[in-house]
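The values are calculated or read from the model by the stated rules, or taken from the named source; none is laboratory data. A quick note: this is a predicted structure, and the numbers were derived from the prediction, not measured. A quick note on method: Cβ atoms are made from the backbone with ideal geometry, for glycine too, and the neighbour counts reach across all protein chains shown. Note: areas computed on protein heavy atoms with side chains; ligands, DNA, RNA excluded. Shrake-Rupley method; radii C 1.70, N 1.55, O 1.52, S 1.80 Å.
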Amino acid sequence: MISYYLDLALRSLKRNKVLTALMVLAIAVGIGTSMTTLTVMHVLSGDPIPQKSADLFRVGLNVFPDDNFRPGDKVPDNLTRRDAEALLRDARADRQAMMSAGTMVVTPAQGDPLSLEARYTTADFFAMFAVPFRFGHGWDRGDDGHHARVAVISAALNDQLFGGRDSTGSMLQVGGQSLRIVGVLDDWSMNPRFYDLSNGRFGDSEQVFVPLATALDLHLATSGTMNCWGNVPDEHAADAPCLWLQYWAELDAPSTRRAYRQYLQNYMAQQRQAGRFTHPGQIRLLDVMQWLDAKGVVPSDVRLQVWLALGFLGICLLNTVGLLLAKFLRRSGEISVRRALGASRRAIFMQCLVEAGVVGLAGGVCGLALAGLGLVLVRHQPTDYAGLIRMDPSMLLATFVLALLSSLLAGLLPAWRAMHVAPAVALKSN
Amino acid sequence: MDILPILATLRRHKVTATLLILQIALTCAIVCNAVFLITQRLHRMDMPSGVAEHELVHLRLADIGRRDDEKARTAEDLALLRQIPGVTEVASVNQVPFGNSSNNSGIKLDPKQSQSTLNMTTYFGENLAQAFGVQLVSGRMLQPDDYMDFDAVVHAAQAGDLKHLPSVIVITQALAERLWPGQSALGKQIYLGSEVPLRVVGVVRGLVRPSIWDDAMAQYTGILPVRVFDGNYILRTAPGERDRVLKAAIAALKKSDPHRVVIAQHIWDDMRSDFFRQDRAMAVLLVGVCIALLVVTALGIVGLGSFWVAQRRRQIGVRRALGATRANILHYFQTENFLLATIGIGLGMVLAYGINLFLMQHYELPRLPAIYFPVGAVALWLIGQVAVLGPALRAAAVPPVVATRSV
């Protein structure tokens, strides 16, 4: 039966090519824009580290002195060095690391000095974020304690400086000092770079990783937000009243999460007793997806574009509903003849829906092409996420589902009206 | 033109007419808001900077690790840069307008206030105002003997030694007006943090801050008499000379020490276009969507209009046979479209207002100005009339003889 309806639908669509083209085009443009913006949204709001995102927690403590404390303010994102080092010493989580972004100038054996993006962190970073290594390994907690002159470099930097060979054991010249390379990363990039969103949210990962203690010894430049209160001669000093370090903890089981939360509350109570502040001192523990959500990692422009595209699709559908309705009702005579010859209302309804579905599928195919074109345009936009935008199989499927659903939806009302054509009246008026 | 027969006909096509009205309403609502968003973006891209935009070259060198000789090195660099033919002013600064790193500070009008009055950005650098080409409105610019070295200031702040801290500041007109509305700012006192009193000695027309997070505060700027040595240089030259000066400057600096790394180099116009590139991209996208929307709606009107004409061929023929002129038929369809468009526009205005309220809540957008309503209405009326013209002309061409034929 369906094949008969398909045949009828194609004949009917062929009869008025301009109108058919108009309907297909309207659906295609609506689907194309919607899928372009939804794909961008899908990519940007994706989970950067799906296997561990529920176990990794960003730690926030509100340790502002009473003068700077405003009730109702959010808990700051970063920690002071004093608090971060205290938490790291206690090591109550399964894994934990404190970190900061930075830049350093490396002088290679040949050629011009390079200005590189760096991350200063502690030993657990690599295991905690499941960082893959091509050669060697990360440093250990002992290296953190000894302020060891070691570094881990990215695959790209290894290719650039050492032609891709195993460079572990080689030296990296940084500001007159030498750092021994202990590990080379495999290709690794987190998008969004969830562990520190303050220095560009999307793009490649850092090129050099150095123990935080070593970076402080060498006075390497840090970057990112630095929020201080009071007189601060040295923002990086151990007791400086400055918020600048990101702190992450890995908590694998619900019981450890509860225990860790309790531990943080106890820590804050101790600080209050020690006289640092008198306010309650909130804590905040957010897993990766909660953290990304709290930081609004999807740009507001992208959200706006999704709304706009959906509105656009709505208009295109209204357009299609109107055209289909006009088309079906104009065929009242034909429908009446079929009804008079014994076709049920259901059969008429199905026939109309099949015709709408054919229009929808054609619109979906054209829409997919338009979405592909749209994504090419998005990739050429001057945004830091432009290079990441790809259509994956799930979005491909979603395109067709959306196209088919919306065209069937558009066909519903016209088909309903068509099946209610009164055969006697329509036949008589002819 | 008699409207009643048109209404009577429309009543027989309720569903189709409603669909067309809804489509026009949605288009009207979305296009009004999209055009408003476009003008907001264009307005933002026009944000005044207060500097001599077409005369500036910016250079930033990486800190290579040696920290002891930075003062001598900066003096040497500035001397080298000043010698380049065509360079009129040079300065070593801490930050640049529309750049992405910034120094900011809370300020107070009274040291006993518990919260800051507002947050302003602080520009440091000897000869900064002259190099940027900032315009003085009243008072005086900072003089060489006002200036102190950055490291000395840090030490003095640590020791609480007010004598060796800056005591004067130049601020922008916008900041002066915000702090002391309607009064002259000259001679007034502000407090940096809560300890450092600064007397306003000059007011400049404007100097935009780097990394703007709130457009309303874009011009809350102070220039402090502090010398900095961060390898962040501004050169001023004639507009046509900029590319040559930039090349010569890099060559001169590299010649003095081949190990130096230039992290950023641009003529200043590129910084502006870089800073607003997302606004521009969004504006282009919105223009594209508006055009597509209007085209889709116009095509919808053409499609439905053609159907109606085809459906009513016989009726038109009868009217023609009964004495209606071609013009009568043409006007009939034009008026019909006008009626539908008017209802759609009316509904669309309400919807536009609703969408605007939603945007105001979620995207910090201002209220839609009233002028958008009449302009939007006229635009949609025009589009409706243009779209219906084809089908209406076809209707007018139906010969009276059709009335005598059976279908």
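Screening chain A for DSSP H helices whose Cα atoms reach 18 Å or more along their own axis and whose mean Kyte hydropathy is at least -0.5 gives A:2-15, A:17-44, A:300-330, A:345-379, A:393-419. The label point for A:His219 and the one for A:Gln273, both projected 7 Å from the Cα toward the Cβ, are 4.0 nm apart. Ratio of Rg to Rh for the stretch B:187-317: 1.32 [Cα atoms; Kirkwood radius as inverse mean 1/r over pairs].
Placing unit charges on the Cβ atoms only, positive for Lys and Arg and negative for Asp and Glu, gives the protein assembly as shown a dipole magnitude near 5700 debye about its Cα centre.
Excluding ligands, DNA and RNA, the accessible surface per residue across chain B is 46 Å² with a 1.4 Å probe.
List the trypsin sites (Lys or Arg not before Pro) in the stretch B:5-108 that DSSP assigns to loop (not H, G, I, E or B) and whose Cβ has at most 15 other Cβ atoms within 10 Å. Which are they? Here the sparse-neighbourhood loop sites are B:Arg12, B:Arg66, B:Arg67. Looking at the stretch A:100-114, which residues lose a minimum of 10 Å² of accessible area between their chain alone and all protein chains in place, measuring with a 1.4 Å probe and not counting ligands or nucleic acids? Buried by 10 Å² or more upon assembly, which counts only protein chains, are A:Val105, A:Thr107, A:Asp112, A:Pro113.
Across all directions, the average flat footprint of the convex hull enclosing the Cα atoms of the protein assembly as shown is 45.1 nm². Computed from phi, the 3J(HN,Hα) profile of the stretch A:238-250 under the Karplus parametrisation 6.51, -1.76, 1.60 (θ = phi - 60°) reads 4, 10, 5, x, 10, 9, 8, 9, 7, 10, 10, 10, 9 Hz, with x in place of Gly and Pro. For A:Leu245, the residues whose modelled amide H falls within less than 5 Å of its own, excluding neighbours fewer than 5 places apart on the same chain, are A:Leu79.
Suppose R0 equals 51 Å. What FRET efficiency, 1/(1 + (r/R0)^6) with r the Cβ-Cβ distance, do B:Leu389 and A:Ser344 give to the nearest 0.05? So, using R0 = 51 Å, E works out to roughly 0.75.
Cα extents for chain A along the principal axes, largest to smallest and rounded to whole angstrom: 98, 57, 37. Across chain B, Cα-Cα pairs more than 36 Å apart make up 50 percent of the total.
Please name whichever of A:Ala84, A:Gly72, A:His146 sits farthest to the positive end of the charge dipole of the stretch A:56-294, dipole taken about the Cα centre and charges placed at Cβ: Lys and Arg +1, Asp and Glu -1. The listed residue farthest towards the positive side: A:Gly72.
Measure nothing fancy, just the Cα-based angle from helix B:242-256's long axis to the longest principal axis of chain B, in degrees from 0 to 90, nearest 10. For helix B:242-256, the angle is close to 40 degrees. State the percentage of accessible surface on the stretch A:56-294 attributable to carbon and sulfur atoms; use a 1.4 Å probe and exclude ligands, DNA and RNA. The value for the stretch A:56-294 is 44 percent carbon and sulfur by accessible area. Over chain A, dividing the summed -39,500 (n - 2.57) contributions of all DSSP H runs of at least 4 residues by the number of residues returns a 222 nm mean residue ellipticity of -16000 deg cm²/dmol.
Taking 18 Å as the cut-off, the amide N atoms of the stretch B:30-46 that come nearer than this to a point 7 Å along the Cα-to-beta-carbon line of B:Ile291 belong to B:31-32, B:34-39, B:42.
Taking a label point 7 Å from the Cα of B:Gln135 along the Cα→Cβ vector, which residues of the stretch B:202-227 have an amide N closer than 12 Å to it? Within reach of a label on B:Gln135, which here means backbone N under 12 Å from a point 7 Å along Cα→Cβ, the stretch B:202-227 contributes B:204-207.
One chain, two ends: B:Thr18 and B:Thr88. Fully extended at 0.36 nm per residue, the span grows by 18.4 nm beyond their Cα-Cα distance. Relative to the longest principal axis of the Cα atoms of chain B, the long axis of helix B:150-159 makes an angle of roughly 80 degrees. Computed log10 I(q)/I(0) for the stretch B:53-274 at 0.12, 0.15, 0.17 Å⁻¹: -0.65, -1.00, -1.25, from the Debye equation with unit scatterers placed on every C-alpha and solvent omitted. Projecting the Cα atoms of B:Pro111, B:Gly384, A:Leu341 onto the dipole axis of the protein assembly as shown, where Lys and Arg carry +1 and Asp and Glu carry -1 at the beta carbon, places A:Leu341 farthest toward the positive end. Each Lys and Arg adds +1 at its Cβ and each Asp and Glu adds -1 at its Cβ; summed about the Cα centre, the stretch B:53-274 shows a dipole of about 160 debye. Which percent of the accessible heavy-atom area of the stretch B:114-207 goes to carbon and sulfur, probe 1.4 angstrom? Carbon and sulfur atoms account for 52 percent of the accessible area of the stretch B:114-207.
Probing with 1.4 Å while keeping every protein chain in the model, the per residue accessible area of the stretch A:160-242 equals 41 Å². For the pair the stretch A:110-170 and the stretch B:18-41, the centres of their Cα atoms are 54 angstrom apart.
Projected label points at A:Asp204 and A:Met226, each 7 Å from Cα along the beta carbon direction, are separated by 2.6 nanometres.
Helix B:372-396 and the longest principal axis of the Cα set of chain B meet at an angle near 30°.
The stretch between A:Ser178 and A:Leu6, if pulled fully straight at 0.36 nm per residue, gains 54.5 nm over its current Cα-Cα span. Simple spin-label estimate for B:Ala327 and B:His155 gives 9.5 nm between the two label positions (7 Å along the Cα-to-Cβ direction from each Cα). With 5 Å bins beginning at zero, the pair-distance distribution over Cα atoms of the stretch A:56-294 amounts to 1, 6, 14, 18, 18, 17, 11, 7, 4, 2, 1, 0 %. Considering only B:Val204, B:Phe132, B:Phe150, the residue lying farthest towards the positive end of the dipole of the stretch B:119-236 is B:Val204, judged by Cα position with unit charges set on Cβ.
Pairs over the 20 Å Cα-Cα cut-off, from the set A:Lys428/B:Lys14; A:Lys17/A:Lys327; A:Lys74/B:Lys112; B:Lys71/B:Lys247: A:Lys428/B:Lys14; A:Lys74/B:Lys112; B:Lys71/B:Lys247. Evaluated with a Cβ-only charge set (Lys, Arg +1; Asp, Glu -1), chain B carries a dipole of roughly 2640 debye about its Cα centre, given to the nearest 20. When the accessible areas of A alone and B alone are added and the area of the pair subtracted, with a 1.4 Å probe, the result is around 3900 Å², both sides summed.
Scanning residues 5 or more positions from B:Thr172 or on other chains, those with amide H under 5 Å from its amide H are B:Val204, B:Thr221, with H placed 1.01 Å from N in the peptide plane.
Estimated at 0.36 nm per residue, the fully extended path between A:Leu361 and A:Asp47 surpasses their Cα-Cα distance by 109.9 nm.
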